Amino acid sequence: MYFVKPPALLKRLFPADLTWRKESHDTVYLSFDDGPHPVATPFVLDQLDAFHAKATFFCIGKNVSLHPDIYHRIVIGEHSVGNHTQNHLNGWKTSTDIYLKNVRSATSTIDSTLFRPPYGKIKKAQAVAIQKQGYEIVMWDVLCGDFDTKLSPEQCWQNIRRHLRPGAIVVFHDSAKAWERMRYALPLTLDYCRSQNWKFGTL
Ligand SMILES: [Zn+2]
């Protein structure tokens with residue numbers, strides 16, 4: 001169960017000061033979680049390059065260690081990177097101590113002050129502690145559902161098309177699970193933004 005567009009009530013359940021969208025009248029913020037992945041991430045980077053677009057990649061520390069060359073390509077491409085924990089931990093099922101250690105462990109490969117909690121699940125104590133360390137916690141405005149294997153590529157694109165607006169932070173996944181839907185929806189998203197004269201911003 002997930003919301004493509006987070007309802008106000010859901011936002012109120014989270015601690016204050018989480019970033020859900022940006023104030024902008026002409027810029028959208030594409031983000032990619034769970035990489036680097038040897039196939040999906042180079043595909044994303046090629047697509048972004050074709051549109052001269054920049055984006056933000058919330059990387060899993062373990063995957064950065066596995067694919068340092070792809071991580072390097074993200075960084076030299078002037079995209080943003082963010083910490084998505086070392087092992088994709090679910091905050092609700094993890095003690096705060098272990099969670100914080102896992103976030104710290106990802107800092108050995110990921111240099112960033114942005115953090116996105118895996119599954120969007122984080123306890124208040126975890127969020128407060130992470131913010132105290134100087135991180136901005138970034139959630140989303142549009143969760144396209146590319147990770148949902150029951151969704152068709154077309155439905156995934158329609159989720160985006162319906163909710164995309166300037167200031168939106170959109171979540172895709174550069175992962176094996178999302179591949180079929182992401183590879184379909186991303187080029188359409190880029191094309192649609194260009195048709196609206198929207199820019200692509202990094203977080
Ligand atoms: Zn994730």
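The values are calculated or read from the model by the stated rules, or taken from the named source; none is laboratory data. What you see is a predicted model, and the numbers here were worked out from it, not measured in a lab. Positions of Cβ are backbone-derived with ideal geometry, glycine not excepted, and every protein chain shown enters the neighbour counts. Surface areas here come from the heavy atoms of the whole protein model, side chains and all, with no ligands, DNA or RNA. Shrake-Rupley method; radii C 1.70, N 1.55, O 1.52, S 1.80 Å.
Among the residues of region 36-45, write down those that are assigned to a loop (DSSP other than H, G, I, E, B) and in contact with a His (Cβ under 8 Å, 6 or more places away or on another chain). First the steps, then the outcome.
The initial filter retains those residues of region 36-45 that are assigned to a loop (DSSP other than H, G, I, E, B), namely 36-39.
Within region 36-45, PRO36, HIS37, PRO38 qualify.
Among the residues of region 173-197 satisfying the criterion of being in a loop (DSSP other than H, G, I, E, B) and out of contact with any Asp or Glu (no Cβ under 6 Å at 6 or more places or on another chain), which is surrounded by the most Cβ atoms within 10 Å (Cβ to Cβ)? Can you show your working first?
Start the filter on region 173-197 by keeping residues that are in a loop (DSSP other than H, G, I, E, B), which leaves 174-178, 196-197.
From the residues that got through so far, the ones that are out of contact with any Asp or Glu (no Cβ under 6 Å at 6 or more places or on another chain) too are 174, 176-177, 196-197.
Details: ASP174: 29, ALA176: 12, LYS177: 15, GLN196: 12, ASN197: 7.
Going through the qualifying residues, I end up with ASP174.
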Looking only at region 5-12, decide whether some residue is modelled with pLDDT of 80 or more and in contact with a Lys or Arg (Cβ under 7 Å, 6 or more places away or on another chain). no
Flagged in region 76-105 as among the hydrophobic types (A, V, I, L, M, F, W, C) and closer than 15 Å to GLY120 by Cα, in numbering order, are LEU89, TRP92, VAL103
Would you mind telling me which numbered condition in (1) farther than 20 Å from ALA127 by Cα; (2) open to solvent by 60 Å² or more (accessible area, probe 1.4 Å) LEU45 fails? (2)
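From the set of residues in region 81-96 that are within 13 Å of the chain's Cα centre (by Cα) and β-branched (Val, Ile, Thr), which is least open to solvent (accessible area, probe 1.4 Å)?
Here is the first cut: in region 81-96, the residues within 13 Å of the chain's Cα centre (by Cα) are 81-85, 88.
Now narrow it down to the ones that are β-branched (Val, Ile, Thr): 81, 85.
Numbers: VAL81: 17, THR85: 0 Å².
The qualifying residue least open to solvent (accessible area, probe 1.4 Å) is THR85.
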All but one of (1) under 26 Å from VAL39 (Cα atoms); (2) within 13 Å of the ligand (Cβ to nearest atom) hold for LEU190; state the number of the condition that does not hold. (2)
The residue that is farthest from the ligand (Cβ to nearest atom), considering only those in region 111-124 that are touching a Gly at 6+ places or on another chain (Cβ under 8 Å) and open to solvent by less than 20 Å² (accessible area, probe 1.4 Å), is LEU114
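Which is over 25 Å from LYS54 (Cα atoms) and surrounded by 19 or more Cβ atoms within 10 Å (Cβ to Cβ), of ALA106, ALA127? Lay out the reasoning, then the answer.
Values: ALA106 fails: over 25 Å from LYS54 (Cα atoms).
Answer to the selection: ALA127.
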Within region 55-80, take every residue that is open to solvent by 40 Å² or more (accessible area, probe 1.4 Å) and either touching a helix residue (DSSP H, G or I) at 6+ places or on another chain (Cβ under 7 Å) or at positive phi (or both) and give me the one that is nearest to the ligand (Cβ to nearest atom). ARG73
Tabulated pairs, region 23-42, first among the aromatic types (Phe, Trp, Tyr) and open to solvent by 10 Å² or more (accessible area, probe 1.4 Å), second assigned to a strand (DSSP E or B) and more than 14 Å from the ligand (Cβ to nearest atom), C-beta under 6 angstrom, 6+ apart or interchain: TYR29/ILE169
